[in-house]
1. Just to be sure, is THR88 buried (at least 16 other Cβ atoms within 10 Å of the Cβ), more than 14 Å from ligand 2 (Cβ to nearest atom) and within 20 Å of the chain's Cα centre (by Cα)?
2. Residues that are of a type in the set (Gly, Ala, Ser): find the strands (runs of 3 or more DSSP E) completely inside the stretch 309-399 holding 3 or more of those.
3. Could you tell me which of the residues GLY127, GLY169, GLY203, GLY94 is among the small types (Gly, Ala, Ser), away from ligand 2 (no atom under 16 Å from the Cβ), touching a helix residue (DSSP H, G or I) at 6+ places or on another chain (Cβ under 7 Å) and not assigned by TED's automatic domain parsing to the domain that holds ASP316?
4. I'm trying to understand the selection: among the residues of the stretch 130-166, which are within 16 Å of ligand 2 (Cβ to nearest atom) and either surrounded by fewer than 21 Cβ atoms within 10 Å (Cβ to Cβ) or not aliphatic (A, V, I, L, M) (or both)?
5. Can you find, within the stretch 420-438, the residue that is nearest to LEU501 (Cα to Cα) among those that are assigned to a helix (DSSP H, G or I) and among the aliphatic types (A, V, I, L, M)?
6. Give the stretch 293-329 a look and list any residue that's among the aromatic types (Phe, Trp, Tyr) and in contact with a strand residue (DSSP E or B) (Cβ under 6 Å, 6 or more places away or on another chain), or say none.
7. Which pairs have Cβ atoms under 7 Å, sit 6 or more apart or on different chains, and link a residue in the stretch 444-457 that is assigned by TED's automatic domain parsing to the domain that holds ARG46 and in contact (Cβ under 8 Å) with a residue 12 or more places away in the chain to one that is surrounded by 21 or more Cβ atoms within 10 Å (Cβ to Cβ) and of a type in the set (Val, Ile, Thr)?
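The values are calculated or read from the model by the stated rules, or taken from the named source; none is laboratory data. No experiment lies behind these values; they were computed from the predicted model shown. When we count neighbours, we look across all protein chains shown, and the Cβ atoms used for this are built from the backbone with ideal geometry, even at glycine.
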Amino acid sequence: MAANTMSPVFILGNDARRTRGRDAQSSNITAAKAVADAVRTTLGPRGMDKMLVDATGTVVVTNDGVTILEEMDIEHPAAKLLVDVARTQEDEVGDGTTTAAVLAGNLLARAEDLLDSDVHPTTVVEGYAAARDLALDALADLAVDADLDDDLLARVAATSMTGKGTGDGSAARLADLVVAAIRHVEDDDGVRRDDVYVHTLPGASASATELIEGVVAENAPVREEMSRDVSVATVAVLDAKFDTRETSASVEYAITNVDQLNAAVDAEDAELREYARLLADAGVDVLFCTKKIDDRAAAYLADAGITAFKSVSSSDAAAIASATGALALGDVRDIDPDDLGHAASVRVETYGDDDLTLVEGGRDAESVTLLVRGSTEHVALELERALGDALDVVAVALHGEGVVPGAGCTEIVLADAIREGAPGIDGRAQLAAEAFADALDVLPRTLAENTGMDPIDALVDLRTANETGRAGIVTDGETGALADPVEGGVLDPAAVKRDALESATEAATMVVRIDDIIAAN
Ligand code: ADP
Ligand code: MG
């Protein structure tokens, strides 16, 4: 067949939708801006919370940027990139997720204006990268020159927790607990952040939150007669049912008379007794089982002097295994003394209506657990997120980059540093760099707005104040005012700001570069 009569080549499926050029860009930018706008009102100590209800009716009330974005069930591909920005931020430094998302959204909003004025996307990308580098240089100079002592670290912790369920006056105490927890897992090699666990237990106010020097399981022993206080305990973790082999393989018996039935029951009893003996012979004092424990087996375990827990959550079991040095067994019959863990004590404590088992002095890791209390489950869960962020920022602050003034001070100074350096950037990329500075301004402006200040006046005053000194929009209780954030104790880890600058720039430039969306249906 001659070339000119060849039929057209279809590379896309029938249902694929394709959007190109400026249409593609503006669809992406609009979506990303909408996402950034959604979290903007939650920024800072006076930021509002969001209530998110999923398809099954589960409610989450939160002020946490990444949680909001993850729960929002976002479909648009470019908007999803912004969710990834927040997620990366959360994974890498644990805080600053709203900041990163708001910055990315505003970088895109300003990119759109530049594209409308015929600045080429690659020029925007170039200008943004240059501006980011200017900002990163300036950030290094902003580090607060002070010892990272417990007092300062507690302020960093408190800064990250403000506006997140700690409004009942418990913030200072929680911040101290966070610092104590991190200090506990600090050694010459750094901070073993993974050895700090956070466990929520609703039913008391946040001020009842405490630090436990060990790990916990939200369970009580399966039988009353089992010991509730075992010292120098050998610990087994079983990640399987504690039952007869037959039941787990669900074999059916062909039973035709009572004798056969009795024989079968006796055989099962013997088997269960044998398993309990296996554990006792191996020296096990305490058994944590992630699944069910047969009732008869529980009695045999009690007879053998073993304290047993059933239905232990897999996260609790993992923490216990890691702290005590136990290896989770997939089958009781595989028990090997090498797989057993050790703890100085395993004891049951009662908290209100709940029993909690504390495993202290584990052989392998000096773990600690923040037992987070909150009046209701929603409150406790929001506090758990806040404490998680606070633990991360304290760990990150200790890692070396230090801390910078918060309350919008850093953003203003960085924006000004970009404006100062912009004339050194060639051609139209300079416009993009200036747009980057404008996007940074949105953060202090939002803090001002969320505090009820006039955003334009606040920004002008803030800029003037930073020409001669150091100022931010420091909120104390109900009101915000221009003040020195360092004196006001509002401090963020430099790493949180660096990560936000890097990830927001990366996401924005990625979206700007796209000129073709091909969506399979
Ligand atoms: P993110 O998800 O970005 O961490 P937040 O809602 O936690 O968002 O707000 C963080 C911002 O709030 C930071 O810039 C921080 O410096 C600022 N901030 C925290 N506490 C105060 C305070 N008391 N006064 C003013 N700003 C504060
Ligand atoms: Mg925060």
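1. Working: buried (at least 16 other Cβ atoms within 10 Å of the Cβ): yes; more than 14 Å from ligand 2 (Cβ to nearest atom): yes; within 20 Å of the chain's Cα centre (by Cα): yes.
Yes: the conditions hold for THR88.
2. Numbers: elements: 341-351, 354-362, 368-374.
Hits in the stretch 309-399: 341-351.
3. Values: GLY169 fails: touching a helix residue (DSSP H, G or I) at 6+ places or on another chain (Cβ under 7 Å); GLY203 fails: touching a helix residue (DSSP H, G or I) at 6+ places or on another chain (Cβ under 7 Å); GLY94 fails: away from ligand 2 (no atom under 16 Å from the Cβ).
Step by step, each of GLY127, GLY169, GLY203, GLY94 is checked, and only GLY127 is among the small types (Gly, Ala, Ser), away from ligand 2 (no atom under 16 Å from the Cβ), touching a helix residue (DSSP H, G or I) at 6+ places or on another chain (Cβ under 7 Å) and not assigned by TED's automatic domain parsing to the domain that holds ASP316.
4. Within the stretch 130-166, the subset within 16 Å of ligand 2 (Cβ to nearest atom) is 153-166.
Result: ARG155, THR159, SER160, THR162, GLY163, LYS164, GLY165, THR166.
5. First, the residues of the stretch 420-438 that are assigned to a helix (DSSP H, G or I): 420-424, 429-438.
Within this subset, residues satisfying the condition of being among the aliphatic types (A, V, I, L, M) are 422, 429, 431-433, 435, 437.
Working: ALA422: 17, ALA429: 18, LEU431: 18, ALA432: 15, ALA433: 13, ALA435: 14, ALA437: 11 Å.
Only one residue tops the list, namely ALA437.
6. Just the residues of the stretch 293-329 that are among the aromatic types (Phe, Trp, Tyr), to begin with: 300, 309.
Once the filter is applied, which keeps residues that are among the aromatic types (Phe, Trp, Tyr) and in contact with a strand residue (DSSP E or B) (Cβ under 6 Å, 6 or more places away or on another chain), the stretch 293-329 yields only PHE309.
7. PRO444/ILE412; PRO444/ILE473; THR446/VAL102; LEU447/ILE473; ALA448/ILE473; THR451/ILE473; THR451/THR475; MET453/ILE473
The rows are residues; the columns are (1) modelled with pLDDT of 80 or more; (2) crowded, with 17+ Cβ neighbours inside 10 Å.
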{"position": "SER7", "(1), (2)": "no, no"}
{"position": "GLY21", "(1), (2)": "no, no"}
{"position": "ALA31", "(1), (2)": "yes, yes"}
{"position": "ALA34", "(1), (2)": "yes, no"}
